[in-house]
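Novice: Dropping the structure in here first, questions after.
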Amino acid sequence: MLPQIHAISFSHFRAHAAAELRFVTHTGGNLWLTRHRKPVCAVISMKDAHVLAAVQGRDLHELLHRLQVDADRLRAAKDVEAQYERVEIAGKAWEYPSSR
């Protein structure tokens, strides 16, 4: 049997998050969050997440590890950028090379 699907707006979800999450956890339903009446993301049960990961050929731990690697790379890039912002370059007047 296919799960029930509720499509609700983000503002409704913020106002009634507990009840909507209970719908997902207790009944196994899927929750589609919409913005301007277009679905943008879904809240699904962990059982469905494992099935989806198997269909995609990925392990849930692999996906979490990939997210952590991306976050670490972003943090390292921000650190490098911050170092460049601290460097002050004192410019010299450029001179033509002598022709000797």
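Novice: Calculate, for ARG35 and GLN83, the FRET efficiency according to 1/(1 + (r/R0)^6) with r their C-beta to C-beta distance and R0 22 Å; round to the nearest 0.05.
Specialist: 0.05
Novice: Then there's this: Starting from the Cα-Cα distance between HIS61 and ALA19, subtract it from 0.36 nm times their residue separation and give me the gain in nm to one decimal. Show your work: numbers first, answer last.
Specialist: On the way: separation 42, 0.36 × 42 = 15.12 nm, distance 2.83 nm.
Gain in length upon complete extension: 12.3 nm.
Novice: Within the range 1-44, what percent of beta bridges assigned by DSSP are antiparallel, to the nearest 5?
Specialist: Within the range 1-44, antiparallel bridges account for around 50 percent of the total.
Novice: Another question, if that's okay. Based on alpha-carbon centroids, what's the gap between the range 13-57 and the range 64-83 in Å, whole number please?
Specialist: Distance between centres, Cα-based: 28 Å.
Novice: On to the next question. Taking R0 as 35 Å, what FRET efficiency do you get between LEU52 and SER11 from their Cβ-Cβ distance, rounded to the nearest 0.05?
Specialist: 0.85
Read-outs: derived from the displayed coordinates by stated rules, not from any lab. Because the structure is a prediction, the values reported are computed rather than measured. Using ideal geometry, Cβ is built from the backbone for each residue, glycine included, and neighbour counts are taken over all protein chains shown.
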